[in-house]
Amino acid sequence: MRGVPISWYLTLSAILFTLGVAGFLFRRNIITVFMSIELMLNAVNLSFITFSYYWKQVNGHLIAFFVMVVAAAEAAVGLAIILTVFKNRQTLNIDEVDSMKN
Amino acid sequence: MDVILFLIFAIIAVVGAINVVVQSHPISSAISLVGVMGSLAVLYLLLGAEFLAAAQVIVYAGAIMVLFVFVIMLLNAGAEVRKGQSSIALFLGGPLLVALLILLAWFVQQLFPGVMVYFGGFRGGSAQDVGRALFTTYLLPFEVTSILILIAILGAIVLARKEMD
């Protein structure tokens, strides 16, 4: 057999995305939650590049590139927010950051 | 050869992603995530995305993860305490997740029957091709992205500075 079925790549992307969602929902540490978001973005990038291969066009690469740029900007702002939250509350547990709940 | 490379790095990626979720210490999760991103870069190469494989290693595994590790060290983040986790979520959610993934895999298999990915099957992902598309078709999004990064820099500085009053 020459090559890998394209569905394997898409399934791998789905598995990584699902693990990212699971981490996002189950973890309580705000930094780990943030890393799960990065994992989801990576999984979507893999899907974009696979579809780019399927259509033999470069557009998917460009979208993945923009996702990367947005992820970098998001990481910078998000980690600054985490720093501020920690400075004000001395905790990284997202269950304890609930002042807007009641 | 393609199959072997794909399987090796796909397994590394999945094991690393599971490790990201189950490790209790954030620094272990961060190192696992670097592994996931590195193996994804190899998969990008197999798909013919040379430029993006390099960008993945530089931007994700380099810049973003260094930022994460830096913040983890700065905040001295320890292992998280787990409490109040319902067991029904684990025993119902796990099998449902696997069932959903199997359904999805079958669906994708039906959508793209017999389409094979092999190394060298797509040669439009070099820096030249990506750059040409970036500065012609995608010029406006590219410029908007630069403004976005500028705003992100300003936001990070405003959020992380010391209050001066």
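The values are calculated or read from the model by the stated rules, or taken from the named source; none is laboratory data. Keep in mind that this is a model prediction, so the values were computed, not measured. Ideal geometry is used to build each Cβ from the backbone, glycine not excepted, and the neighbour counts take in all protein chains shown. To get the accessible areas, we keep the full protein, side chains included, count just its heavy atoms, and leave off ligands, DNA and RNA. Shrake-Rupley method; radii C 1.70, N 1.55, O 1.52, S 1.80 Å.
Numbers for the structure displayed
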read-out	value
Sum of -39500 (n - 2.57) over DSSP H runs of 4+, divided by residues of chain B (222 nm, nearest 500)	-23000 deg cm²/dmol
Relative contact order %, chain B, counting alpha carbon pairs below 8 Å whose residues are six or more apart	24 percent
Computed over the stretch B:9-162, Kirkwood Rh from alpha-carbon pairs, angstrom	19.3 Å
Alpha-carbon radius of gyration plus Dmax, which is the widest Cα pair, for the stretch B:1-80 in Å	13.8, 44
C-alpha long axis of helix A:59-89 to longest principal axis of chain A, angle in °	10 degrees
Chain A: angle of helix A:6-26 to the longest principal axis, Cα-based, in degrees nearest 10	10 degrees
Surface/4 estimate of mean projected area, convex hull on alpha-carbon atoms of the stretch B:122-161, nm²	3.8 nm²
Rg over Rh [alpha-carbon atoms, Kirkwood Rh] for the protein assembly as shown	0.99
Table column - 3J(HN,Hα) (Hz), the stretch B:126-134, Karplus curve with 6.51, -1.76, 1.60, x for Gly and Pro	6, 4, 5, 5, 5, x, 5, 5, 5
Normalised contact order of the stretch B:1-97, rounded percent, pairs of Cα under 8 Å and 6 or more residues apart	27 percent
Nearest-20 debye value, chain B charge dipole, Cβ charges on Lys, Arg, Asp, Glu	220 debye
Burial order of peptide ranges B:89-102, A:55-68 (average beta-carbon count within 10 Å, highest first)	A:55-68, B:89-102
Principal-axis tilt of helix A:30-55 within chain A, Cα atoms, nearest 10 degrees	20 degrees
Inter-site label distance for B:L7 and A:R2 at 7 Å from Cα along Cβ, in nm	2.1 nm
Per residue accessible area in Å² of the protein assembly as shown, where ligands, DNA and RNA are left out and the probe is 1.4 Å	53 Å²
For chain A, alpha-carbon Rg and Dmax in angstrom	17.3, 60
Simple Cβ-charge dipole of the stretch A:28-102, Lys/Arg +1 and Asp/Glu -1, about Cα centre, in debye nearest 20	80 debye
